[in-house]
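Peer 1: Starting off with a structure, shown below.
The values are calculated or read from the model by the stated rules, or taken from the named source; none is laboratory data. Here the structure is a predicted model, which means the values were calculated and not measured. Cβ: placed from backbone, ideal geometry, glycine included. Neighbour counts: every protein chain shown. Just the protein is used for accessible areas: all its heavy atoms, side chains included, with ligands, DNA and RNA removed. Shrake-Rupley method; radii C 1.70, N 1.55, O 1.52, S 1.80 Å.
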Amino acid sequence: EAKIKDMLQRYPIDKKRVWTLGYGRNGVFALLVGINSPDLVTAAAGIDTTVVNAFVSGGDSGSGQTVGVFDFSNDASQQIPLLLVSFAGGNQTPQGNQEKTKEVLEKYGYPVTYKEFSGPTQQPDRRNLEQIYTWFKSGQ
């Protein structure tokens, strides 16, 4: 978050085009920044990412707003679009966790898009990244 703030101050960046994207465990951080700091980013995407363990390990604070490391206290006007991407046959994310992650995020009111890609390597290729970029640009 500090790095994003620093870059926004230093460079003439269009704040409407600041997105976070991560693969695997880094996708958790991409979603975390998006959910916890909607004033800094306008959308977030996680590729072969599940945040189910982050929800389970942290538990609920009792308010129903903070679960694990995620802060769901933002009102609907501050909830950014989220993208979850998985690879058919991939082994990075346990089967079903992407869908469970989508359900949890939607429960808190986040607009979530789920995409499944197939490919020989179970890693993003140029075509996949172009589709993700198109999703970001479209404003969802």
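Peer 1: When residues of the stretch 19-42 are filtered for being open to solvent by less than 20 Å² (accessible area, probe 1.4 Å) and farther than 16 Å from PHE70 by Cβ, how many remain? Before you say what the answer is, go through the steps one by one.
Peer 2: Kept after step one, since they are open to solvent by less than 20 Å² (accessible area, probe 1.4 Å), are these residues of the stretch 19-42: 20, 22, 24, 27, 30-31, 34-35, 37, 40-41.
Imposing the further condition that a residue be farther than 16 Å from PHE70 by Cβ reduces the set to 24.
Of the residues in the stretch 19-42, 1 are open to solvent by less than 20 Å² (accessible area, probe 1.4 Å) and farther than 16 Å from PHE70 by Cβ.
Peer 1: Take the conditions at positive phi and either open to solvent by 20 Å² or more (accessible area, probe 1.4 Å) or at pLDDT 90 or above (or both) and apply them to GLY58. Does it pass?
Peer 2: Answer is no for this residue.
Peer 1: Would you confirm whether any residue within the stretch 111-124 is assigned to a loop (DSSP other than H, G, I, E, B) and either touching a Pro at 6+ places or on another chain (Cβ under 6 Å) or modelled with pLDDT of 85 or more (or both)?
Peer 2: Checked against the condition, which is being assigned to a loop (DSSP other than H, G, I, E, B) and either touching a Pro at 6+ places or on another chain (Cβ under 6 Å) or modelled with pLDDT of 85 or more (or both), the stretch 111-124 yields at least one hit.
Peer 1: For the stretch 81-110, which residues satisfy the criterion of being at pLDDT 80 or above, open to solvent by less than 70 Å² (accessible area, probe 1.4 Å) and either part of a loop (DSSP other than H, G, I, E, B) or under 23 Å from LYS16 (Cα atoms) (or both)?
Peer 2: Result: PRO81, LEU82, LEU83, LEU84, VAL85, LEU105, TYR108, GLY109, TYR110.
Peer 1: Going through VAL28, VAL51, VAL41 one at a time, which residue ends up being modelled with pLDDT of 90 or more, within 24 Å of ILE132 (Cβ to Cβ) and not small (Gly, Ala, Ser)?
Peer 2: VAL41
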